[in-house]
Amino acid sequence: GDSVTQMEGPVTLSEEAFLTINCTYTATGYPSLFWYVQYPGEGLQLLLKATKADDKGSNKGFEATYRKETTSFHLEKGSVQVSDSAVYFCAPGGAGNMLTFGGGTRLMVKP
Amino acid sequence: DTGVSQDPRHKITKRGQNVTFRCDPISEHNRLYWYRQTLGQGPEFLTYFQNEAQLEKSRLLSDRFSAERPKGSFSTLEIQRTEQGDSAMYLCASSSRLDAETQYFGPGTRLLVL
């Protein structure tokens, strides 16, 4: 079945630092890929998505590029803010469009 | 524009009791999904509906769990004879006909079984 591997957290950065959260996946075919963000005590919010190889999804300064060759979808942001502190989940879509989530990566940004 | 809503947001129950959660999807979204998330883990798929039809169920969905979407709008998830291992966040999501792959999540119902 589908699976996702994300870098273990927590990732601790200072404000304005560069962020990379690695995500690799295994899936049948070429699914759409998603990043979701979860703030404490809340549900998941869609952050960005990419639907085909070489597509770049972007939102709120975050970017991720669909790399078919390496089955990766790494999340990046040039300058993080304290308000970006949250848990980030990478997920490929699957049969029936169910999402398969990794364990998530907790980001902590210090002022 | 109303998002996905879930009720209740929190539920504390004693082992052996039955609980029922409700999810209202985004208006006119025809697909509705249920996931379970335990502490420190990512959400795990439980089941999904297209309109009123339940099209897929995970092996995680034991026979104590039942989900319905009788009119193709809101959905309920019932857990019978709750166990402490059922303690988790139960998340609902919905997606539209035009973009079935993109799921929008509700705030979740946090269940604690004592």
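The values are calculated or read from the model by the stated rules, or taken from the named source; none is laboratory data. Values in this document were obtained by computation on a predicted structure and should not be read as measured data. Here Cβ is always computed from backbone atoms with ideal geometry, including for glycine, and neighbour counts include all displayed protein chains. SASA here: full protein model, heavy atoms, side chains in, ligands and nucleic acids out. Shrake-Rupley method; radii C 1.70, N 1.55, O 1.52, S 1.80 Å.
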The protein assembly as shown: C-alpha pair distances exceeding 33 Å, %: 16
Average partner coverage of B:93-104, which counts Cβ from other chains inside 10 Å: 4
What total accessible surface area, summed over both chains, is buried at the interface between chains A and B, computed with a 1.4 Å probe and given in Å² to the nearest 100? 1600
Obtain the nm distance between the two label points defined at B:Ser62 and B:Leu39 by a simple spin-label model: each point lies 7 Å from its Cα along the Cα-to-C-beta direction. 2.0
Segment A:51-111: spread of alpha-carbon positions along the three principal axes, whole Å, largest first, is 41, 22, 19
10 Å binning of all Cα-Cα separations within chain B, expressed as whole percents from 0 upward: 15, 50, 29, 5, 0
Got a sec? What order do A:Met98, B:Met89 fall in by accessible area at 1.4 Å, biggest, i.e. largest, first? A:Met98, B:Met89
The Kirkwood hydrodynamic radius of chain A, taken as the inverse of the mean 1/r over all distinct Cα pairs, in Å, comes to 13.9
Shielding by partners - mean other protein chain Cβ count within 10 Å, residues of B:41-54: 3
Averaged over A:42-55, how many beta carbons belonging to a partner chain fall within 10 Å of each residue's beta carbon? 3
Compare A:Gly43, A:Gly94, A:Gly29 in a GNM of chain A, Cα atoms joined below 10 Å, and give the one with the largest fluctuation. A:Gly29
What is the sum of charges, Lys and Arg at +1 and Asp and Glu at -1, for the other residues whose Cβ falls under 14 Å from the Cβ of B:Glu44? 0
